[in-house]
1. Return only the number of the condition from (1) touching a residue at least 60 places away in the same chain (Cβ under 8 Å); (2) in contact with a Leu (Cβ under 6 Å, 6 or more places away or on another chain) that Ser129 does not satisfy.
2. Sort out which residues of region 161-193 are in contact (Cβ under 8 Å) with a residue 60 or more places away in the chain, crowded, with 17+ Cβ neighbours inside 10 Å and either within 15 Å of Cys108 (Cβ to Cβ) or not assigned by TED's automatic domain parsing to the domain that holds Thr102 (or both), and write them in order of number.
3. Looking for something farther than 14 Å from Lys125 by Cα, touching a Leu at 6+ places or on another chain (Cβ under 9 Å) and acidic (Asp, Glu) - is there at least one such residue anywhere in region 142-162?
4. Just checking, how many residues over region 86-132 are farther than 27 Å from Val48 by Cβ and in a helix (DSSP H, G or I)?
5. Within region 93-108, is there a residue that is in the same structural domain as Arg183 (by TED's automatic domain parsing), under 16 Å from the mean Cα position of the chain (by Cα) and free of Cβ contacts under 8 Å to residues at least 12 places away in the same chain?
6. In region 109-123, what count of residues is obtained for those that are farther than 22 Å from Glu87 by Cα and touching a residue at least 12 places away in the same chain (Cβ under 8 Å)?
7. Anything in region 96-128 that is hydrophobic (A, V, I, L, M, F, W, C) and out of contact with any Ser or Thr (no Cβ under 6 Å at 6 or more places or on another chain)? List them, or say none.
8. Among the residues of region 159-166, is any in a loop (DSSP other than H, G, I, E, B) and modelled with pLDDT of 95 or more?
Amino acid sequence: MKAYDHPTKPFSAWALLRGSLCLASCLCLASCLGLLTLTAQAQVYKWVGPNGKTVFSDTPPPSNVKTVTRKGLNTSGSISNVKLPPELELASSKNPVTLYSTSNCAACNDARSMLKQNGIPFFEKTVKSNEDIQQLKLATGDSQVPSLMINRAKFIGFESPAWRDALSKAGYPENSVLPKEYRYPDPEPAAPSPATAKKEEPKASDTIVPRSVSPTGIRF
């Protein structure tokens, strides 16, 4: 019996070591596959819908959409991947908020600060070009900035009490409950890109002449 016991001890130790190495390799491979899967799933698709509004979704758009931008949630600052509290998520889904602003505009800065201080998720549309001005007029009926849209309700010019009252009526909490990790979407031009712009452009006869001394045509 001793003649057979002695040779088997080194074999048993080697088998145990090999089994441990195999198990470690399997666990490492599983972790890598899991990480790749999460990375593949954490994608946001962005496109412009038939109504001219920008759509963000974690599912691919319809097949007839030509221009699509795909971004990773964990690496892009354009879309926040932080889950909102139920009350805030309900309000932002039913009554999305859009701020129209321009550069060198003190009132626009005040409006943006007010929304952030109140913890309001919002999209910001910048008005710089003539196309942006036309899109602003189509959306709000005016060329003044800042302008705010809460779903379809329009508020021309910044008036903090009126905006706060309207946001409360739209279901947004009185006090900020926005998570500190939330990242606001990057501002985008008000006018869609030429590839996704609407086919019907406003007629020259329908153009509203803005009451402004600004050479860009933006009324403050």
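1. Checking Ser129 against (1) touching a residue at least 60 places away in the same chain (Cβ under 8 Å); (2) in contact with a Leu (Cβ under 6 Å, 6 or more places away or on another chain), the one that fails is (2).
2. From region 161-193, those in contact (Cβ under 8 Å) with a residue 60 or more places away in the chain are 167, 170-173, 177-179, 181-193; that's our starting set.
Next, from what is left, pick out any that are crowded, with 17+ Cβ neighbours inside 10 Å: 167, 170, 172, 178, 184-185, 190-192.
Across region 161-193, the qualifying residues are Tyr184, Ala190.
3. Taking every residue of region 142-162 in turn, at least one turns out to be farther than 14 Å from Lys125 by Cα, touching a Leu at 6+ places or on another chain (Cβ under 9 Å) and acidic (Asp, Glu).
4. Within region 86-132, the subset farther than 27 Å from Val48 by Cβ is 86-87, 104, 106-107, 109-110, 113-114, 117-119.
Right, trim to in a helix (DSSP H, G or I) and you get 86-87, 106-107, 109-110, 113-114, 117.
Residues flagged as farther than 27 Å from Val48 by Cβ and in a helix (DSSP H, G or I) within region 86-132 amount to 9.
5. Residues of region 93-108 in the same structural domain as Arg183 (by TED's automatic domain parsing): 93-108.
Filter once more, so that each one left must be under 16 Å from the mean Cα position of the chain (by Cα): 93-100.
From what is left, the residues that are free of Cβ contacts under 8 Å to residues at least 12 places away in the same chain are 93.
Yes; the residues of region 93-108 include at least one that is in the same structural domain as Arg183 (by TED's automatic domain parsing), under 16 Å from the mean Cα position of the chain (by Cα) and free of Cβ contacts under 8 Å to residues at least 12 places away in the same chain.
6. Step one: of region 109-123, the residues farther than 22 Å from Glu87 by Cα are 109-111.
From the residues that got through so far, the ones that are touching a residue at least 12 places away in the same chain (Cβ under 8 Å) too are 110-111.
So the answer is 2.
7. So in region 96-128, the residues hydrophobic (A, V, I, L, M, F, W, C) come out as 97, 99, 105-108, 111, 114-115, 120, 122-123, 127.
Once the filter is applied, which keeps residues that are hydrophobic (A, V, I, L, M, F, W, C) and out of contact with any Ser or Thr (no Cβ under 6 Å at 6 or more places or on another chain), region 96-128 yields Val97, Leu99, Cys105, Ala106, Ala107, Ala111, Leu115, Ile120, Phe122.
8. First pass over region 159-166, keeping only residues in a loop (DSSP other than H, G, I, E, B): 159.
Filter again for modelled with pLDDT of 95 or more, leaving 159.
Yes - at least one qualifying residue is present in region 159-166.
The values are calculated or read from the model by the stated rules, or taken from the named source; none is laboratory data. Bear in mind the structure is a predicted one, so any value in this text is a computation, not a measurement. Positions of Cβ are generated from backbone atoms using ideal geometry, with glycine treated the same way; all protein chains shown enter the neighbour counts.
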